[in-house]
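Beneath this line is the structure, given in structure tokens, with notes to follow.
The values are calculated or read from the model by the stated rules, or taken from the named source; none is laboratory data. Note that the structure is predicted; figures quoted are calculated from it, not measured. Counting neighbours? That spans all protein chains shown, and the Cβs are built from the backbone with ideal geometry, glycine included.
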Ligand code: AMP
């Protein structure tokens, strides 16, 4: 490739599936994601060989593993962002010695030196990056890296740090099941429930996602960090040994060379059995080559308990998400071990859906990450990507009024909080309706979603304190949550305000807000005054019921003022409403003064709406 050509594609953004067993990069070219195959096939085994100060990564490290088992590191992803103490009861099951670094984080100890999982992962990412650059003939400097859906913030941060050390700007980390869904174009569906069944070499993960408004939400996950193709290989190794014994052969199982050979042959046979109904293995014992045949039927019988275990975890994930198989719209298969036909059949039977697997189960996650990288770097213009929010974001308050929390042109990320209250006695739930736009009334704005916060303790109107928070993250995703500060009950939703919105619509919405500004403000004022007027009428009527002594003509004047205020409420003129409200306040002023020291004083207290205490519906 010429240097000129190199320049034009300099700074390519790729997607990387940083896996426990294997890692892979992909890129979007001409609108289509493609995996970046390396010289040794498609993938980079996530294996590192550390010997005599030298570092080997990928295929050479895996090939040298048998001879150098004590210098080889694999499955380092398991340590990412974890404390050393997390492995106190689990050290025996890890293929290396876990040590604690100075901050108590889990690290790997080899030859007396401590290596952090971040630097080891960085070495793998660097290899993946180099392989991608070789394949593309271009410099790669940005990436979207995938992480398991269950990764916490520390684990995600560790992954981002690893990317940085590898010389990559990490555009984002995204969930592996979300990436798989993106690869299959699920984001183009309106909505749906998607199951991602991921069975790799050493781990099994099931994730249930809900897609709505272009946003994937993880409803539940389940899995087993020690269940995968390696177990299938071990079952075949045991079968080979049984069959060999019947032929009078006793392979030396103490020899690490023999163990490695058995494992390699078992894996080869397993892969062959994905396409054929039998596979033959040759093992040399005492200078004799023994040929052993394994049928697919035999293999499937050995697989049954393992696959059943994954089925149990799928059921658990569905229970956790409170879903049944009827609710599932799409099933995606990820991970090399889903190439086994028996696994596919079982998944299909459980979910009663033909699973998606045509992209190649080892490649879908990387391809989805590439799609995300392409979106983030502007490759896809069907999405609005901005660093300020183009329209205000808020909730509906009583009377259909828009209450913005994050204002138009606020820098992203942005955060805002406000406390609201109820206006009905004993109200036990509130509706939080989220809108976007510049108009004063929500009816003229764009609805983004809504939810109910239930379980509020019944209290007098105006007493509950409902804290509503808006968090708009760097990716333009808005999380709205409502918290009842007394009971601690909380509910939230996530929306993408830019979804389905183009630049012209944004401009139109802003223009409309200028054109209708005067009208809108008048309407809003009228609604707010109406609320105040209703509260005052209500309080006056209660006072009239309780008081028996009036000055001459006082009660008649009050009743007349109430009537006139009610008539004004039926209109739409805020000035008139203000006047009539003032008239009623004047008519009741003397009565209020007399009541101040009585037990009834509360009723005629100023009921105007306190700005810090707005009413939600
Ligand atoms: P992954 O962790 O997703 O890279 O998956 C690796 C696992 O997939 C290993 O256990 C492989 O032996 C297994 N695998 C890869 N290809 C096949 C195949 N054609 N049939 C059965 N298992 C496979």
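Key figures for this structure:
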{"read-out": "Answer residue from region 203-232, given it is surrounded by fewer than 21 Cβ atoms within 10 Å (Cβ to Cβ) and assigned to a helix (DSSP H, G or I) and is farthest from the ligand (Cβ to nearest atom) among those", "value": "231"}
{"read-out": "Among (1) modelled with pLDDT of 85 or more; (2) more than 16 Å from the ligand (Cβ to nearest atom); (3) more than 20 Å from residue 370 (Cβ to Cβ), the one test that residue 88 misses", "value": "(1)"}
{"read-out": "Single residue of 236, 283, 294, 240 found to be in contact with a strand residue (DSSP E or B) (Cβ under 7 Å, 6 or more places away or on another chain), more than 30 Å from residue 493 (Cβ to Cβ), within 16 Å of the ligand (Cβ to nearest atom) and not in a helix (DSSP H, G or I)", "value": "294"}
{"read-out": "Scope region 163-178; condition part of a helix (DSSP H, G or I) and either buried (at least 24 other Cβ atoms within 10 Å of the Cβ) or not assigned by TED's automatic domain parsing to the domain that holds residue 83 (or both); matching residues", "value": "163, 176, 177, 178"}
{"read-out": "Those residues of region 457-472 which are at pLDDT 90 or above and outside any loop (DSSP other than H, G, I, E, B), in sequence order", "value": "466, 467, 468, 469, 470, 471"}
{"read-out": "Filter result for residue 365 (within 16 Å of the ligand (Cβ to nearest atom), surrounded by 16 or more Cβ atoms within 10 Å (Cβ to Cβ) and either within 20 Å of the chain's Cα centre (by Cα) or not in a helix (DSSP H, G or I) (or both))", "value": "yes"}
{"read-out": "Residue selected from region 305-345 under the condition free of Cβ contacts under 8 Å to residues at least 60 places away in the same chain and either within 16 Å of the ligand (Cβ to nearest atom) or surrounded by 20 or more Cβ atoms within 10 Å (Cβ to Cβ) (or both), by the criterion farthest from residue 203 (Cα to Cα)", "value": "345"}
{"read-out": "Among (1) under 23 Å from residue 131 (Cβ atoms); (2) within 16 Å of the ligand (Cβ to nearest atom), the one test that residue 196 misses", "value": "(1)"}
{"read-out": "Counted residues, region 42-72 - those being modelled with pLDDT of 90 or more and touching a helix residue (DSSP H, G or I) at 6+ places or on another chain (Cβ under 6 Å)", "value": "8"}
{"read-out": "Residue match in region 132-145 (condition: without any contact (Cβ under 8 Å) to a residue 12 or more places away in the chain and part of a loop (DSSP other than H, G, I, E, B))", "value": "no"}
{"read-out": "Hey, residue 160 more than 16 Å from the ligand (Cβ to nearest atom), free of Cβ contacts under 8 Å to residues at least 24 places away in the same chain, part of a helix (DSSP H, G or I) and not assigned by TED's automatic domain parsing to the domain that holds residue 281 or not", "value": "yes"}
{"read-out": "Check on residue 182, assigned by TED's automatic domain parsing to the domain that holds residue 330, assigned to a helix (DSSP H, G or I) and either out of contact with any strand residue (DSSP E or B) (no Cβ under 6 Å at 6 or more places or on another chain) or on the phi > 0 side of the Ramachandran plot (or both)", "value": "yes"}
{"read-out": "Residue among 354, 276 that alone is surrounded by fewer than 15 Cβ atoms within 10 Å (Cβ to Cβ), within 15 Å of the ligand (Cβ to nearest atom) and part of a loop (DSSP other than H, G, I, E, B)", "value": "276"}
{"read-out": "Qualifying residue in region 449-456 (condition: at pLDDT below 90, surrounded by fewer than 19 Cβ atoms within 10 Å (Cβ to Cβ) and assigned to a strand (DSSP E or B))", "value": "yes"}
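For every residue, the table says whether it meets (1) in the same structural domain as residue 465 (by TED's automatic domain parsing); (2) modelled with pLDDT of 85 or more; (3) in contact with a helix residue (DSSP H, G or I) (Cβ under 8 Å, 6 or more places away or on another chain).
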residue	(1), (2), (3)
486	yes, yes, no
492	yes, yes, no
504	yes, no, no
528	no, yes, no
533	no, yes, yes
541	no, yes, yes
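Residue-wise test of (1) loosely packed, with under 14 Cβ neighbours inside 10 Å; (2) outside any helix (DSSP H, G or I).
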position: 474; (1), (2): yes, yes
position: 482; (1), (2): no, yes
position: 499; (1), (2): no, yes
position: 512; (1), (2): no, no
position: 519; (1), (2): yes, no
position: 524; (1), (2): no, no
position: 537; (1), (2): no, no
